[in-house]
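These notes are about the structure you will find just below.
The values are calculated or read from the model by the stated rules, or taken from the named source; none is laboratory data. Here the structure is a predicted model, which is why all the values come from computation and not from measurement. Methodologically, a virtual Cβ is constructed for each residue, glycine included, from the backbone with ideal geometry; neighbour enumeration extends over all protein chains shown. Side chains included, ligands, DNA and RNA excluded: accessible areas come from the protein's heavy atoms. Shrake-Rupley method; radii C 1.70, N 1.55, O 1.52, S 1.80 Å.
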Amino acid sequence: ALTNSLERHSQNLIFLRTAALLDRRRWLASIFVPANTNGDLREDFRRAFIPVHYVNLSNVNYLELRKSKADTLDPRMAALLESCDVHVYANTYDDPDAAALAELAARYAHPGSKRVMELPNLHPPDVDIVDAFVAPSHFAASQTETDKPIATIYPASIGTPLPRAPRRKGVFTVAHAGRLAPERSPGLFIRIAALV
């Protein structure tokens with residue numbers, strides 16, 4: 001996975017969940033981040049036995065990479081990128097480090113390797129540059145017309161459990177945390193609450 005931070009947000013949680021669920025007898029997982037990256041997910045990746053590789057991007061310009069100019073990437077890091085059979089990343093247009101990581105992954109990918117991207121960060125909206133997608137919800141998945149595979153992975157399902165509040169015997173509290181917007185499915189909450 002290639003990301004521009006180790007902060008706790010939906011994309012990194014999707015990366016973490018995807019990697020944690022892999023069959024370790026068949027797959028190895030790593031995450032690539034800019035060398036100056038910090039964030040509170042570092043420990044989560046360590047506990048899941050997912051190594052974090054810090055890529056020195058100080059002299060790397062993604063616009064120059066797109067013009068097929070030479071790069072100064074450490075050969076060991078290039079070899080790590082080349083060894084990956086699948087790159088999972090966001091084609092981010094507003095962050096130069098994320099764009100540089102995506103360009104380097106494409107540059108050093110071996111023939112036959114695959115690209116997987118999270119849907120909301122697709123820019124420009126050209127589905128031909130990837131082989132498959134992941135989406136954080138069915139709503140997000142339904143917003144892109146493509147014949148490529150789309151896997152829906154809910155990042156909230158791997159969050160830290162909330163502490164249990166004391167409750168009266170036989171009384172249950174059911175709550176919905178989210179905006180009252182179609183993509184957050186408040187109607188689904190109402191149906192679940194009715195079933196409970």
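Some points to look at:
- The residue among Leu104, Cys84, Ile192 whose Cα reaches farthest toward the positive pole of the charge dipole of the chain, with charges on the beta-carbon of Lys, Arg, Asp and Glu, is Ile192.
- Ellipticity estimate at 222 nm from DSSP helix runs (n ≥ 4, -39,500 (n - 2.57)) divided over the chain, nearest 500: -8500 deg cm²/dmol
- When the charge dipole of the chain is built from unit charges on Cβ atoms (+1 for Lys and Arg, -1 for Asp and Glu) and taken about the Cα centre, the candidate among Pro75, Pro51, Tyr154 whose Cα reaches farthest toward its positive end is Tyr154.
- For the chain, the solvent-accessible area works out to 64 Å² per residue, with a probe of 1.4 Å and every protein chain left in place.
- Here the peptides 68-80, 106-118 are ranked by packing, the mean other Cβ count within 10 Å, and the order with the highest first is 106-118, 68-80.
- Crossing angle, helix 186-195 versus the chain [Cα axis fit, 0-90 degrees, rounded to tens]: 40
- In this structure, the amide hydrogen of Val134, modeled 1.01 Å from its nitrogen in the peptide plane, lies closer than 5 angstrom to those of Met117, Glu118, Leu119, Ala151, counting only residues at least 5 positions away or on a different chain.
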